[in-house]
Amino acid sequence: MGKGYAVVDVATTGPAPGDRVIEVAVVHLDASGRRTDEWCTLVDPRRDFGPRHGISPADVRGAPQFAGVAGELAARLSGRVFAAQDLTFCQGFLTAEYARLGHAFAVSGLSTGPLEAPRGIALQDARASARLLVRSLDRIGTVEPVRLEVPRTVRAYAMQRSGGAR
């Protein structure tokens, strides 16, 4: 299985094709389901949007664009099984963001199923999805880990929400 699991959640400017990612979170689990790392960043979509998931345009001002986090995100996903509570939604938006940069993002993955009470905060929802995944690890068959190589930019950085997402 490689390095374990990468449980992902994204917040976007809206649900439609053409909308953009404004926050992405990744929670790493090892093969036994133990959380080993987590990462989250706001993303500046470079477009106007109304407040979404508690994120306003002012919050993302100064955050990196997707190109600035694409390499870091790819490194955090590569070699791990991709998982998300809404797999199709996350895959669709990440596929579109990577395509804008000229990279393919064609990965299979696992759906952890719907959250009882999604908070709309990517890191909190990724943690909740990770807990759901852990409960079903004994029923998971073989899933190919992500194979994704995107160069990291020299000035890549992450920017978290003010007030923390604990």
request  = With no solvent and one equal point scatterer per Cα, compute the Debye intensity ratio I(q)/I(0) for region 5-139 at 0.11, 0.17 Å⁻¹ and report its log10, rounded to two decimals.
outcome  = -0.35, -0.86
note = The ³J(HN,Hα) series, computed from each phi in region 77-90 with the Karplus coefficients 6.51, -1.76 and 1.60 at θ = phi - 60°, rounded to the nearest Hz and given as x for glycine or proline, is 8, 4, x, 10, 7, 6, 9, 7, 5, 10, 4, 4, 4, 4
task = Mind ranking 56-63, 37-44, 105-112 by how tightly packed they are, going by the mean number of other C-beta atoms within 10 angstrom, highest first?
result = 37-44, 105-112, 56-63
query = For residue 22, which sequence-distant residues (separation of 5 or more, or a different chain) have an amide H within less than 5 Å of its own amide H, given hydrogens modelled in the peptide plane?
reply = 11, 12, 13
key: Area projected by the alpha carbon convex hull of region 91-143, averaged over all directions, nm²   = 4.6 nm²
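Where a number appears in this text, it was derived from the coordinates with a stated rule and is not lab data. Quantities reported herein were computed from a predicted structural model and do not represent experimental measurements. Here the Cβ is made from the backbone with ideal geometry for all residues, glycine too, and neighbour counts use every protein chain on show.
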